[in-house]
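Below: one structure, written as structure tokens.
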Amino acid sequence: MAQLRIALAQVNPTVGDLEGNGRLVVDSARRATAAGAHLVVLPEMIVTGYPVEDLALRDSFVSASVRATRALATDLAEAGMGELPVVVGFLSRREGPGERYGQPSGAPQNAVAVLHGGRVELTSAKHHLPNYGVFDEYRNFVPGDTLPVIRVRGVDVALAVCEDLWQDGGPVTATRAARAGLLVTLNGSPYERHKDDVRLELCSRRARETGAAVAYVNMVGGQDDLVFEGDSLVVDAEGELVARAPQFEDALLVADLDLAEAAQTRDGAGDGEVVDGLRVVRRTLSAVPAEPCEEESREPGRNTVTPRPDPLSDVGEVYRALVVGLRDYAAKNGFASAVLGISGGIDSALVATVAVDALGPERVHGILLPSTYSSGHSVADAQDLAQRQGFAARTVPIAPVVEAFEHAAAGADAPLSGLAAENLQARVRGTLLMALSNQEGHLVLATGNKSEAATGYSTLYGDSVGGFAPIKDCWKTLVWELALWRNAEAARQGHTPPIPENSITKPPSAELRPDQLDADSLPDYALLDAVLDAYVGTDRGEAELVFAGYDLELVRRVIRLVDRAEYKRRQTAPGTKISSRNLSRDRRLPITNRWTV
């Protein structure tokens, strides 16, 4: 057996910041060197950030990525780390003459590079391109057709990129044929609820299938509406967990592995041999195995499986994702502070709490916007929320502004009543929030949840306004769960629960007319969310929902609400994706649509 110390650097890149991302690579290599690592691996497209979307179609951006990757190899060598193999993901081009299999020469590729000895020793490209959910990689890339295998300290290490691990065949099959001792996969795998369990099971299964240990490195941080959780891990060839990094934190996971030493004459697929459509490409970086290290002399802390805090519950995991998503959206887009309307209700209370945890109370500004129909307890609950968390709160009564609009409409022979009068109040609030944003430079946070967005229970240009919508992908029932979890977590740590109990327990209301309740317009949220999750989340139609036990009239009502609100969803702010199917990237439906079942 040969010993290999591998370092997995889960870091937080920013799309387009090639210089800043390069510093992350050099810093990770420096830390890996200090830890005595023989190999360091960074996430998918770390050089450019991920996902780059149609930036991949700009020749200038591809060229800049290639130059930056070559420069990194030089920088690492000049910093005295040239002998440490550094594996990075980057945006590249398909090389080779002319057009082949519909792939033009120079077409962009989601690629991996091995940096060693001051040069780019080897490159390869992602073979399986995902084209589902949030992914649209057939639009942006052409697939690779090689499996790179590098020999490091006498161990053969195969390299793959993200989807290559999730799909059968291709790199998985070729890795087994090449008799690699370790399969390393570079990932930009967005967070979804329960995905950590699926990820571990996948790595364990692939290890058993390939007969190789598997090292999985993932990025962390937010990028637009996506958030990456890290959760990098290593399993041995039997599929047993060896080491695991924390979720939602930058980390360098270092693991000591005992792996099969590559034989001088092996029976695996040789250099240039084609396996399942992939040409095996071999490079030897260091053939001599590392000096054996007695078990008791290994540095403490190696092969650590980081315990989940709490242990981090499913709901707590979602909460962390929301905090990271908002924190990075604000930071990466240059917002130093956020403003939101606080009504005393559960949605704005949760969004304010997430904002305080993401940005700090001194950077959060709450605005109370009471109307004629606002109850006393709503104002009191909003004030209590601000006091508990220590963020600034101002009160701007909207009645005088609403009256001015109503007077203007009446003067145009269009007196407002009913829904038009209700929506006017929401739009006045939205206008005031946007005016404060323009004046003071805050990021406006929309406070709507997924149940409201799905059914259209919101006012366009009113309560839906904002630059970012933190709970956009959270069903109303999950909003309550998150609030309860956050309060319980505060109590567990000996702190004051941040959300007033009354905001959690009182019946939800938009308070746009006397004694209004959400229940006047929508089914009970527990039942509504169940139907919505089936219709939106799994595309079940009317017949399937009725067969599942839901009332026919309820199903038809919900489907009608969802389908009629598509035009509203097209105009809403981005928000952190936490489910397997959100209402934007994951679900693309026409606005003009007469198919209703």
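Read the figures in this text as sums done on the coordinates, not as results from a lab. What you see is a predicted model, and the numbers here were worked out from it, not measured in a lab. Positions of Cβ are generated from backbone atoms using ideal geometry, with glycine treated the same way; all protein chains shown enter the neighbour counts.
Below is a table of values for the structure above.
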read-out	value
Sequence-distant residues sharing a close amide H with Ala392 (under 5 Å, placed H)	Val364, Gly366
Nearest-20 debye value, the stretch 186-246 charge dipole, Cβ charges on Lys, Arg, Asp, Glu	140 debye
Lys, Arg +1 and Asp, Glu -1 on Cβ, resulting dipole of the stretch 406-511 about Cα centre, debye, nearest 20	300 debye
Share antiparallel - DSSP beta bridges, the stretch 147-232, percent rounded to 5	45 percent
Principal-axis tilt of helix 376-389 within the chain, Cα atoms, nearest 10 degrees	30 degrees
Taking the stretch 1-117 and dividing mean pair separation by its residue count, relative contact order in percent (alpha carbons under 8 Å, at least six apart)	27 percent
Per-peptide average of other Cβ atoms within 10 Å, ordering 426-434, 6-14, 410-418 highest first	6-14, 426-434, 410-418
Nearest 10 degrees, 0 to 90: helix 346-359 Cα axis against the chain principal axis	40 degrees
Relative contact order (%) - criterion: Cα under 8 Å, at least six apart; region: the chain	12 percent
Most to least packed among 459-470, 136-147, 339-350, 583-594 [average Cβ atoms within 10 Å]	339-350, 459-470, 136-147, 583-594
Kirkwood-Stokes translational diffusion coefficient of the stretch 548-597, alpha-carbon pairs, 4 °C, 1.567 mPa s, µm²/s	103 µm²/s
Within the chain, percent of DSSP bridges classed antiparallel, to nearest 5	55 percent
Cα lying deepest toward the dipole's positive end in the chain, options Gly169, Ala526, Asn438, charges on Cβ	Asn438
Hull shadow area, averaged, the stretch 378-419 [alpha-carbon convex hull, nm²]	4.1 nm²
Charge context of Arg23, other residues only, Cβ under 12 angstrom, K/R +1, D/E -1	-3
Packing-based ranking, highest mean first, of 554-566, 154-166 given that Cβ atoms within 10 Å are counted	154-166, 554-566
Estimated dipole of the chain in Debye, rounded to 20 [Cβ of Lys and Arg +1, of Asp and Glu -1, Cα centre]	1060 debye
C-alpha long axis of helix 418-440 to longest principal axis of the chain, angle in °	50 degrees
Label corresponding to Rg/Rh (Cα atoms, Kirkwood Rh) when calculated from the structure given, among (i) 1.00; (ii) 1.03; (iii) 0.96	(ii)
Amide H partners (placed H, <5 Å) of Ala290, local residues excluded	Gln3
Charge dipole (the chain, unit charges on Cβ, about Cα centre) - positive-most of Gly106, Ala338, Cys474	Gly106
Among His407, Val356, Thr372 the positive-end extreme of the charge dipole of the chain (Cβ point charges)	His407
Gain in span if fully extended, Asp524 to Thr596, counting 0.36 nm per residue against the direct Cα distance	23.7 nm
Interchain or long-range residues, amide H under 5 Å from Leu147's placed H	Arg279, Val280, Val281
More than 16 angstrom apart: percent of Cα pairs within the stretch 355-464	66 percent
Projected label distance in nm at Glu273 and Arg394, using a 7 Å step from Cα toward the beta-carbon	7.2 nm
